[in-house]
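Asks: What follows is a single structure, and I will ask about it in a moment.
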Amino acid sequence: MNYYLDIETTGLDPLHAKIITIQYMELERNTAKPISPVKILKEWESDEKTILKKFISDSGIADGYKFSFIPIGFNLQFEHSFFWQRCISNGLKPISILGRPFLDLITVGVLLNGGKFKGAGLDNLTNKPNDGSVIPVYYREKNYGEIEKYIKIETESFCEWLAKLYVKLPKLRDELLREN
């Protein structure tokens, strides 16, 4: 099954920063439209180890069937490095979200940005108002409501963009094939 997947962290280094939210939502396979509301696991309601264990259990990502949870996101290497290291830091068996089928849209973002990584963030490609650099500040200030608001806007923006890509990219494929 296809799932939107994202995390929020206290920084960029998975060895020293921690995961403060894990958010995921099932998407319809042929349209990428949400099937269920976004689920947000919040570290401030328990702890990092608890949300990691809950995600691993709920998602089935550690079971033997690689198609039970197909992550779709933007720059999944970031999520992967955090899941891997934060599991180790919390005494859990590390999980790999890239050792299974996945769809990382950072490549599409870079191509839409003329091949440049700089400026290819979701905040430049969607209605998302800013990047995630505000999250550690909100967390330090215990402004959890703003973190949740940010997540909901980001999730909605990503899913709207993804649904448009599901419609437009097959048409582009057909156009390119006709040109050959």
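The values are calculated or read from the model by the stated rules, or taken from the named source; none is laboratory data. These numbers come from a predicted model, not from an experiment. No Cβ is skipped: glycine too gets one built from the backbone with ideal geometry, and neighbour counts run over all protein chains shown. Just so you know, the surface numbers come from the protein's heavy atoms only, side chains and all, with ligands and any DNA or RNA stripped out. Shrake-Rupley method; radii C 1.70, N 1.55, O 1.52, S 1.80 Å.
Asks: Among the residues in the range 47-58, are any open to solvent by 20 Å² or more (accessible area, probe 1.4 Å), free of Cβ contacts under 8 Å to residues at least 24 places away in the same chain, part of a loop (DSSP other than H, G, I, E, B) and closer than 16 Å to ALA163 by Cα?
Replies: no
Asks: Same structure, new question: What tally of residues in the range 59-103 results from selecting those that are assigned to a helix (DSSP H, G or I) and either open to solvent by less than 70 Å² (accessible area, probe 1.4 Å) or closer than 16 Å to HIS16 by Cα (or both)?
Replies: Start the filter on the range 59-103 by keeping residues that are assigned to a helix (DSSP H, G or I), which leaves 59, 76-89.
When the remaining residues are screened for being either open to solvent by less than 70 Å² (accessible area, probe 1.4 Å) or closer than 16 Å to HIS16 by Cα (or both), the result is 59, 76, 78-89.
Number of matching residues: 14.
Asks: Pick from ASP131, ASP174: which is more than 16 Å from ILE40 (Cβ to Cβ), in contact with an Asp or Glu (Cβ under 7 Å, 6 or more places away or on another chain), open to solvent by 30 Å² or more (accessible area, probe 1.4 Å) and not β-branched (Val, Ile, Thr)? Break it down stepwise before answering.
Replies: Values: ASP174 fails: in contact with an Asp or Glu (Cβ under 7 Å, 6 or more places away or on another chain).
Exactly one residue qualifies, and that residue is ASP131.
Asks: Same structure again: Yes or no: LYS149 in a helix (DSSP H, G or I) and more than 28 Å from SER46 (Cα to Cα)?
Replies: No.
Asks: Can you report the number of residues in the range 29-46 which are more than 16 Å from the chain's Cα centre (by Cα), more than 30 Å from LYS168 (Cβ to Cβ) and either touching a residue at least 24 places away in the same chain (Cβ under 8 Å) or surrounded by 16 or more Cβ atoms within 10 Å (Cβ to Cβ) (or both)?
Replies: Count: 2.
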